[in-house]
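A short worksheet on the structure shown next.
The values are calculated or read from the model by the stated rules, or taken from the named source; none is laboratory data. Predicted model only: the values in this text are computed from it and were never measured. Glycine also receives a Cβ, built like all others from the backbone with ideal geometry; neighbour counts cover every protein chain displayed.
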Amino acid sequence: MDTFIKQRIKAVKKGDQSAFADIVEMYKDKIYQLCYRMLGNRHEAEDAAQEAFIRAYVNIHTYDPTMKFSSWLYRIATNLSIDRMRKKKPNVYLDAEVSGTDGLTMYSQLADEGASPEDALESLELQQMVQEAILKLPEKYRTVIVLKYIDELSLQEISDILNLPIGTVKTRIHRGREALRKHLGHL
Amino acid sequence: MPCSEKIVQWMHDYLDGDIQKEEEQQLRSHIQQCEACREHFYALKKTVAFVENVSHFTPSDDFIKKVMYNLPREKRRVRWKRWLTHHPFLTAASLFLLLSTSSLWAVWQEDNEFSFSKQEHLIVQNHTVIVPEGKIVEGDIVVRNGDIKIEGEVHGNVTVINGHKYLASAGEVTGQIEEVNEVFDWIWYNVKRVGYNIAKTLTK
Ligand SMILES: [Zn+2]
């Protein structure tokens, strides 16, 4: 897989735009997931994830091949999500999410999987509580928690992405975890 | 409340998979004895399980299409290069035809003379062909090794080989307007020209 991506990056650097579609295909779910957990809104996440890929394309010549390509992409998407978080008014997303169609989609998905409506609703509520707890985290904790638990990245990868010492990453994860525990630990 | 900062630190180290054997043993034995720490640890583990199991969503089905559509336009040269590699037979056939009928490369390299299609109304100034304002040129114009400035109208195609085109705001070209400045463009221009002539011969 790595050689495939390397070869695609080379083609993009030479200006072959169609090669970039393979890169998008490979990473779109991960990047979207990251944006969604950072921003808490599907529409905004879609928008941010697209912008992340466009930025990656435009800046592909600045990509340093000694870094993992996925880490470089994550860095772009993380910075972009943080920018957007800062511009956003706090707590608007909560209302939007609850009244939006996302909840319904998730509800029907759960129902399709054969769970009883009660179970589905219960886990739907739980899902929402988890997402809200993540959104309540200050951005520096939210970022590390999302990278670690949503995308299952190692401490080393997170440190590369955020350009922070591992010790700092660890401290932030610990604080983030403690903050989440306050909202979710008693459930 | 857990009884010490040190114990909490070990809990987190454990959750990060980054704890020494000895400390892990101390953590275990402490948790067995101390209810407060046991509860704290349990709450942390539960929290992690919740966050790890949050459902994943996927982007829209046309995500890739939307990204690709919004990318800045790629260089023309690369597009042709891709066309050429994706149509190897056609390319080979056209190139064979071209190379056997004319020495294309030699022409490209040696033909440095300024020349242009003789059409009515055209004015020439220092290797620049001008379509004057208010005038209409009927037919195609090809300019080699020079520029073209279009202030009037051209009813046909405009091709500039090894030069630039300048279209004034009042200027108009009804057909295609094209600059040919590189060898690839030059080959492409000729492939199209040959193809067009073949098609014309066949339909006659
Ligand atoms: Zn204790």
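Could you please find all residues in region A:145-155 being more than 11 Å from chain B (Cβ to nearest Cβ) and assigned to a helix (DSSP H, G or I)? A:L147, the sole residue that qualifies. Residues in region A:162-180 that are surrounded by 19 or more Cβ atoms within 10 Å (Cβ to Cβ) and within 21 Å of A:G40 (Cα to Cα): A:L162, A:R172, A:I173, A:G176, A:R177, A:A179, A:L180.
Cβ separations smaller than 8 Å between residues 6+ apart or across chains give no pair from region B:1-17 residues that are within 12 Å of B:H40 (Cα to Cα) to residues that are more than 10 Å from the ligand (Cβ to nearest atom) and of a type in the set (G, A, S).
Rundown of residues vs (1) within 11 Å of another protein chain (Cβ to nearest Cβ); (2) modelled with pLDDT under 95; (3) surrounded by fewer than 22 Cβ atoms within 10 Å (Cβ to Cβ), yes/no style:
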position: A:E46; (1), (2), (3): yes, no, yes
position: A:A49; (1), (2), (3): yes, no, no
position: A:F53; (1), (2), (3): yes, no, no
position: A:A56; (1), (2), (3): yes, no, no
position: A:Y63; (1), (2), (3): no, yes, yes
position: A:M67; (1), (2), (3): no, yes, yes
position: A:I76; (1), (2), (3): no, no, yes
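Could you identify the single residue in B:P88, B:P72 that is away from the ligand (no atom under 16 Å from the Cβ), more than 12 Å from chain A (Cβ to nearest Cβ) and either surrounded by fewer than 12 Cβ atoms within 10 Å (Cβ to Cβ) or at pLDDT 95 or above (or both)? Exactly one residue qualifies, and that residue is B:P88. Filtered by the rule that a residue be part of a helix (DSSP H, G or I) and more than 7 Å from chain A (Cβ to nearest Cβ), region B:49-66 gives B:A49, B:K65. Name every residue in region B:15-48 that is acidic (D, E) and assigned to a loop (DSSP other than H, G, I, E, B), in order of residue number. B:D16, B:D18 - these are the residues of region B:15-48 that are acidic (D, E) and assigned to a loop (DSSP other than H, G, I, E, B). If you go through region B:15-46 and keep only what is near the ligand (Cβ under 9 Å from one of its atoms), loosely packed, with under 15 Cβ neighbours inside 10 Å and within 14 Å of another protein chain (Cβ to nearest Cβ), you end up with B:A36, B:R38. Each residue in region B:116-134 was checked for being modelled with pLDDT of 90 or more and charged (D, E, K, R), and 0 of them qualify. Listed by position, the helices (runs of 4 or more DSSP H) enclosed by region A:1-58 that each have at least 1 residues that are more than 24 Å from A:S81 (Cα to Cα) are A:2-13, A:18-39. Within region A:15-29, identify whether any single residue is touching a Lys or Arg at 6+ places or on another chain (Cβ under 8 Å), away from every other protein chain (no Cβ under 12 Å), crowded, with 19+ Cβ neighbours inside 10 Å and of a type in the set (V, I, T), and answer yes or no. Looking through region A:15-29, none of the residues is touching a Lys or Arg at 6+ places or on another chain (Cβ under 8 Å), away from every other protein chain (no Cβ under 12 Å), crowded, with 19+ Cβ neighbours inside 10 Å and of a type in the set (V, I, T).
Number of residues in region B:2-14 that are away from the ligand (no atom under 14 Å from the Cβ) and either facing chain A (nearest Cβ under 10 Å) or not in a helix (DSSP H, G or I) (or both) equals 2.
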